Amino acid sequence: MSELANHTKTARASDLIERNDVTVTNIAARRGARASLDELARATFGVSLPSTPKAVEAGGTLIVWAGPDQWLIIQKEETGRDHYSELAKTFNGLASVIDVTESRTIFRISQARPSPVLSRSMGIDFHDAAFKPGDVAITHVSHLGVIVWRLPDGTAYDFACARTYSRDFGDWLRKAKA
Amino acid sequence: MTQSAQTARLKDRGLIDRSQSLTFTFDGVPYNGYAGDTLASALLANGVRLVGRSFKYHRPRGILTSGSEEPNALVELRSGARREPNTKATITELYDGLEAKSQNRFPSLSLDLLAINGLVSPFLSAGFYYKTFMWPASFWEKIYEPMIRRAAGLGRAAQEHDPDSYDKAFAFCDVLVVGSGPAGLMAALTAARTGARVILVDESFAFGGRLLSDVRTVGGANGADWVNSVVAELKSFPGVQLMPRTTVFGAYDSGQFGAVERVADHVPVPAAGVPRQRLWRIVAKHTIIAQGALERPIVFGNNDRPGVMLASAVRTYINRFGVKPGETAVVFSNNDDGASTIADLVGAGIRVAALVDTRTVLQPATKSFARKHGIRIFEGAVVADAIGSSRVTGARIVAADGTSQNIACDLIAVSGGFNPSVQVSTHLGGRAQWQQELAAFVPGALPKGMAVSGSAKGTFGLASCLKEGAQAGEAAAVASGFQAKGAAVPAADDEPSDISAFWHVKTAKHKAFVDQQNDVTAADVALAEREGFRSVEHLKRYTTLGMATDQGKTSNVNGLAMLAQLTGKTIAATGATSARPPYTPVSLGALAGEHRGKHFKATRLTPSHDWAKERGAVFIETGMWLRAQYYPKPGENDWLTTVCREVNTVRNSVGVCDVSTLGKIEIHGTDAGKFLDRVYINMMSTLGVGKARYGMMLREDGIAMDDGTAARFADDRYFITTTTANAIKVLQHLELCRQWYWPDLDVQIFPVSDQWAQYSVAGPRARDLLAKIVDAPFDISNAAFPYMAVAELTVMGGVKARLYRLSFSGEMAYEIAVPARQGDRLMRTLMAKGEEFGIAPYGTEALGVMRIEKGHVAGPELNGTTTAADLGLGKMASTKKDFVGRVLSQRPGLTDPTRPRVVGFRPVDRSQRLRGGAHFIGKSDAAVAQNDQGYMTSVAYSPSLGHWIGLGLLANAESRMGEILRAYDPVRNGDVLVEVVPATFVDVEGARLRV
Amino acid sequence: MRINCPHCGLRSNDEFSYLGDASVVRPDPAAPNATEAFYAFGYERANIAGPMQELWYHAAGCHAWLVVTRDTRNHEILDVKSAQEVALERQKAAGTAQ
Ligand SMILES: [Zn+2]
């Protein structure tokens, strides 16, 4: 029941959790500003913005490729900090920046390797060698859109689905992680 | 009940597990079998030969084959909700408690009253559907069809809901191997040894193919043992996925294959959480089809009698299942398979009365073997007819000299040669090619990434199959980027496979069946040819040859060879029909997977859905969404009472409606204004920061696509809304405009529909209510925040929010948006703070009533046929710029002043109800199509006016104010006089919006 | 079919939606023959048997529009390009950036 409402601690005694402790900011390069944006990103995060479907970790911030010249910046929520406003200020003029924290529900399956059930559950080849740590795919399952990434440290898979679909998606995922 | 002994079970052979005895019933009679049996082998072990009645003539039928090509041994499996008709006994894995019934018999299998069909058979010949039941037409539904359905048919489907679950799954591999006979096993093994990811699929529950059915030596070991060693090695590779009980039923583009895995068909009830079947989509870089070849019968008289069996099936029952398919056999062949069969029959202690071969000279070794075992040899001879009715009692043999004699037997093993299984390799359009020396069709041009190996390709010798499989496996792995490891091919012999094509015994006295499942006889083929159906495609459709659930696996080639003989053409010139998926039938349950019942489609829920549910809302499905339609209060017994109360509350005080389902899109970038000017008919670049404007988009053909509002939060930051229904379509359109039409513009587009929970707060007390939740110092006064103003602010003590002063109801109204997870809290807060004003939540019904009262167009008017002008919004279109749809909206057809336009209607007799969809006809005109003037698009009972009102599209609308028309609705017997009125019914001046 | 999205990689065709012929270009709305040109743009299509350039949208993926060269006779995908890149090149060649 938790996927739609405001709730904080949903960690369950299970390897499937809903992540409610992060802010998600979507940035998209302004036309012609890709190179200077990347320079600024390197100065800010210490890493380049991935130009292919990859997720990179930078001091607690996860940068997830989200389409051509677009990224999701995923940061741990901190009291008193407005990550979105900080990023909007930082990238002003080089990127369009919007807060999409509420747009998706992010589920995490903590599996170092995909279970056989997860492996066969999506139109993405989850084989260990085909979908490596740090890989990202934007796709759909059972008509539900999803962005899936494997954490760069290889400890888990995150699934971000549209929030208004998240009950159906959660049902599906609970089945798929078995 | 006592169980009959397995009288036909052989003591010393078979791959069954005699330590696991299984009990099953057939037509209520209990029998025993063993693990490793099929239903067919277990029935034969118990001496059961008669298993069904045929489709049209209700002829007794037995078991012809040992595989999925079986045309006759179709049974109803299980009972109740799990009853499954037309299940092939030959591939049904025996399990303890299996229940099977014969089908298409009345009242019982042995006494079938409808066998009379056999006597009236002249009426059921080729094309009978087209000829016999043509006249009179009224007889079709009442007499002919029910009669045919009763008399001809197969099993009965379960009537209850299927209690089992079905699953869909994906698999990816470098090399997919379909079939696990000698070629398939070698292909899989060789590819796996290179490190490639390999999937090996076989439709049986055991791997090995013909190596389980024939007595062969591979690499010095017995064939079945060699199979076990290969399977064990395959299991040791982490990259290998073994899929028994799985049928690849279709090849699709780009290396994709459809397969059905029978996960739990071999147990009575699937275990908890286990699906009955799983539908696989397999994506393979390379595929090796090694499905082997299927033996075909020879067409002779009474060749459908129980006891006539394919020679290879006879060997399968003996060697794999340890079953005697008969006591005394006659073997009839046109190829060397006959010789192999007599050897296995003799080995199993079955008496062989005769070997009848159409070829004039047999191998000396065959002849000496026959002499040694007292087997009579007939060279250049045929079995013309089987003797016996419910089972074979003899064979009428016509020798080379034309003399005829009967020989007693209860088994006729027949081989007309082998058809390579070319179906899957030709699914993508490659035509199978006829090879005269093999007397077989072999695969034609193959799709990219596919190879065919072994007897599926027409390579019939065991040694050759092993070698070819190894080569194909290695080639596929190398092409996938792996290093060849050098394939060691185990030693084996090639068996003799000489053949001389022979199809049809013309000296037969009895009905000779070509297609046994559809009861198509040699006479039907001849009749079709005489009547001019001389192409294979016509033959197939006229006679239904090959159109049964077996897809003609044992009949197609015979049928077309017979047609070729009749027309005097070669088989190559006659051609073959195309094979299409599925290779074997696929259950609808597997295709549907989880998408049934409430899982048929995904459901979208708004952030305050749970609150609405608690409140007792009645929900309606709109697209994927579940939306609150109205909120009945205790004591309100009909929806109209509730909706009227909701409307009145909004018009008199304040109401709140969840509009989170609106499509929401952020448009950013320095060219955002310029971009929106090009996609909306009106100007958006001139919109001031902090303001919103209503806008309309057209399709490029000039027809209205969608409407909504655009709000500007900064020079380079717009936020637009779309209708709920068109959110995805509009986004796709905007992306096309951005990427393809004007790629140089600096525009970024973000769909944010799910980010915001959005509520319409409407009514004269709306501002009073919102004043209670906006955080200081935001000034919500009319002067500071007038009609069409927008702002970013915080509410409820620090919650980020956006406020839009927009109205769809005609009242002073706002839309307030908060981050989705705050939606539930905002709704509860508004309801609590609004209590003093008598606030009511309202649903989509009241929303609809109020928009009709205000004459706002919505989905029923934006219906893909209307222009902006038709909708009364023509003046919105800017003449100072181009926009999508502008040029074609100027076409004469779309600017015709007589086009139907949106206008209002009210009943002349105010007590009468209006109906959407009613057509307008002149007051004194007849209700015929020529007098059609347009139609009613939206209607509502207006609580504000106390009568029904409507919007509709009417020709020449402007000049017809006050005219009285008929609103004619023949479907619901509606014929109401209506008056044409302006489309705005409430607050015509729009004064309430701006207070 | 599987389409190799230049951004996402090989994906099944159920992730994409189809628009049509990519060889027709939105005409200049200010040209004197704009009505005829738009009519042709909207309605006139060749029925190609063979390789055809088509617009596909990666709806369930990265939202990129793609120019896909597909052989209509056998669904073989011969080439996939980013539609935006193709459009930019087209503008550059014509000198018509707006
Ligand atoms: Zn993509």
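Which of the residues belonging to region B:457-510 are farther than 30 Å from residue B:386 by Cβ and of a type in the set (S, T, N, Q)?
Matches in region B:457-510: B:459, B:464, B:471, B:480, B:483.
Quick check: anything in region B:772-785 surrounded by 23 or more Cβ atoms within 10 Å (Cβ to Cβ), among the polar types (S, T, N, Q) and not in a strand (DSSP E or B)?
No, that holds for no residue.
Which condition number does residue A:79 fail, the rest of (1) within 14 Å of another protein chain (Cβ to nearest Cβ); (2) surrounded by 20 or more Cβ atoms within 10 Å (Cβ to Cβ); (3) among the β-branched types (Val, Ile, Thr) being met?
Checking residue A:79 against (1) within 14 Å of another protein chain (Cβ to nearest Cβ); (2) surrounded by 20 or more Cβ atoms within 10 Å (Cβ to Cβ); (3) among the β-branched types (Val, Ile, Thr), the one that fails is (2).
I'd like the residue in region A:120-152 that is touching a residue at least 24 places away in the same chain (Cβ under 8 Å) and of a type in the set (Gly, Ala, Ser) and, out of all such residues, is nearest to residue C:4 (Cα to Cα).
Only one residue fits best here, namely A:137.
Based on what the data block shows, is residue B:69 within 36 Å of the chain's Cα centre (by Cα) and buried (at least 21 other Cβ atoms within 10 Å of the Cβ)?
yes
Would you check which residues across region B:861-891 are closer than 13 Å to residue B:683 by Cβ and in a loop (DSSP other than H, G, I, E, B) and list them?
Within region B:861-891, B:877, B:878, B:879, B:880, B:881, B:882, B:883 qualify.
Condition check: assigned by TED's automatic domain parsing to the domain that holds residue B:860, in contact (Cβ under 8 Å) with a residue 40 or more places away in the chain, outside any loop (DSSP other than H, G, I, E, B) and not aromatic (Phe, Trp, Tyr). Does residue B:914 satisfy that?
Spelling it out, it is not the case that residue B:914 is assigned by TED's automatic domain parsing to the domain that holds residue B:860, in contact (Cβ under 8 Å) with a residue 40 or more places away in the chain, outside any loop (DSSP other than H, G, I, E, B) and not aromatic (Phe, Trp, Tyr).
Of all residues in region C:21-42, which are of a type in the set (S, T, N, Q), within 8 Å of another protein chain (Cβ to nearest Cβ) and either within 16 Å of the ligand (Cβ to nearest atom) or under 21 Å from residue C:83 (Cα atoms) (or both)?
Matches in region C:21-42: none.
Pairs needed: first member in region C:1-13, in contact (Cβ under 8 Å) with a residue 24 or more places away in the chain and more than 8 Å from every other protein chain (Cβ to nearest Cβ); second member anywhere, among the hydrophobic types (A, V, I, L, M, F, W, C) and within 7 Å of the ligand (Cβ to nearest atom); C-beta distance under 9 Å; at least 6 residues apart or different chains.
Every condition considered, the pairs that remain are C:5/C:62; C:5/C:64; C:6/C:64.
Restricting to region A:119-138, and then to whatever is touching a helix residue (DSSP H, G or I) at 6+ places or on another chain (Cβ under 8 Å) and surrounded by fewer than 20 Cβ atoms within 10 Å (Cβ to Cβ), can you tell me which residue is farthest from residue B:594 (Cα to Cα)?
Ranking the qualifying residues of region A:119-138, first place goes to A:127.
Please work out which one of (1) surrounded by fewer than 23 Cβ atoms within 10 Å (Cβ to Cβ); (2) among the hydrophobic types (A, V, I, L, M, F, W, C); (3) modelled with pLDDT of 95 or more is the condition residue B:484 fails and give its number.
Single failed check for residue B:484: (3).
Out of curiosity, is residue C:18 more than 15 Å from the ligand (Cβ to nearest atom) and free of Cβ contacts under 8 Å to residues at least 60 places away in the same chain?
no
Starting from residues that are surrounded by fewer than 20 Cβ atoms within 10 Å (Cβ to Cβ) and either among the hydrophobic types (A, V, I, L, M, F, W, C) or not in a helix (DSSP H, G or I) (or both), keep the ones in region B:753-771 and report whichever is nearest to the other protein chains (Cβ to nearest Cβ).
By that ranking, first place goes to B:771.
Identify, by number, the condition in (1) crowded, with 23+ Cβ neighbours inside 10 Å; (2) assigned to a loop (DSSP other than H, G, I, E, B) that residue B:468 doesn't meet.
Status for residue B:468: all satisfied but (2).
So how many residues does region C:43-87 have that are within 14 Å of chain A (Cβ to nearest Cβ), under 29 Å from residue B:888 (Cα atoms), within 16 Å of the ligand (Cβ to nearest atom) and not in a loop (DSSP other than H, G, I, E, B)?
8
What is the one condition in (1) crowded, with 24+ Cβ neighbours inside 10 Å; (2) among the hydrophobic types (A, V, I, L, M, F, W, C); (3) in the same structural domain as residue B:217 (by TED's automatic domain parsing); (4) touching a residue at least 60 places away in the same chain (Cβ under 8 Å) that residue B:263 does not satisfy?
Against the list (1) crowded, with 24+ Cβ neighbours inside 10 Å; (2) among the hydrophobic types (A, V, I, L, M, F, W, C); (3) in the same structural domain as residue B:217 (by TED's automatic domain parsing); (4) touching a residue at least 60 places away in the same chain (Cβ under 8 Å), residue B:263 comes up short only on (1).
Filter region B:9-47 down to residues that are surrounded by fewer than 21 Cβ atoms within 10 Å (Cβ to Cβ) and at negative phi, then give me how many there are.
17
Quick one: residue B:868 ticks every box in (1) over 28 Å from residue B:709 (Cβ atoms); (2) crowded, with 18+ Cβ neighbours inside 10 Å; (3) of a type outside the set (Ser, Thr, Tyr) bar one, so which box is it?
(1)
Please specify each residue of region B:69-112 satisfying the condition of being closer than 22 Å to residue B:586 by Cβ, of a type in the set (Gly, Ala, Ser) and part of a loop (DSSP other than H, G, I, E, B).
Those that are closer than 22 Å to residue B:586 by Cβ, of a type in the set (Gly, Ala, Ser) and part of a loop (DSSP other than H, G, I, E, B): B:73, B:89.
Among (1) more than 13 Å from chain A (Cβ to nearest Cβ); (2) surrounded by 15 or more Cβ atoms within 10 Å (Cβ to Cβ), which single condition is residue B:602 missing?
(1)
Which number in (1) at positive phi; (2) more than 33 Å from the chain's Cα centre (by Cα) marks the one condition that residue B:104 misses?
Checking residue B:104 against (1) at positive phi; (2) more than 33 Å from the chain's Cα centre (by Cα), the one that fails is (2).
Is one or more of the residues making up region A:72-89 in the same structural domain as residue A:39 (by TED's automatic domain parsing), within 16 Å of the ligand (Cβ to nearest atom) and either over 21 Å from residue A:30 (Cα atoms) or not hydroxyl-bearing (Ser, Thr, Tyr) (or both)?
Within region A:72-89 (the criterion being in the same structural domain as residue A:39 (by TED's automatic domain parsing), within 16 Å of the ligand (Cβ to nearest atom) and either over 21 Å from residue A:30 (Cα atoms) or not hydroxyl-bearing (Ser, Thr, Tyr) (or both)), the answer is yes, since at least one residue qualifies.
I need a count of the residues in region A:56-70 that are within 16 Å of the ligand (Cβ to nearest atom) and more than 12 Å from every other protein chain (Cβ to nearest Cβ).
The qualifying residues number 1.
Going through region B:326-353 one residue at a time, which ones are closer than 20 Å to residue B:503 by Cα, among the small types (Gly, Ala, Ser) and in a strand (DSSP E or B)?
Selection gives B:333 alone.
Output the number of the condition that residue B:464 fails; it satisfies all remaining conditions of (1) over 26 Å from residue B:358 (Cβ atoms); (2) modelled with pLDDT of 95 or more; (3) out of contact with any strand residue (DSSP E or B) (no Cβ under 7 Å at 6 or more places or on another chain).
Checking residue B:464 against (1) over 26 Å from residue B:358 (Cβ atoms); (2) modelled with pLDDT of 95 or more; (3) out of contact with any strand residue (DSSP E or B) (no Cβ under 7 Å at 6 or more places or on another chain), the one that fails is (1).
Given region B:941-987, what strands (runs of 3 or more DSSP E) lie entirely inside it while holding 2 or more residues that are touching a helix residue (DSSP H, G or I) at 6+ places or on another chain (Cβ under 7 Å)?
Result: B:947-954.
Are any residues in region A:115-149 within 18 Å of residue B:199 (Cα to Cα) and within 16 Å of the ligand (Cβ to nearest atom), and if so, which ones?
A:122, A:123, A:124, A:125
The values are calculated or read from the model by the stated rules, or taken from the named source; none is laboratory data. Everything quoted here is computed from the prediction, not taken from an experiment. Quick reminder, even Gly has a Cβ in these numbers, built from the backbone with ideal geometry, and neighbours come from all protein chains shown.
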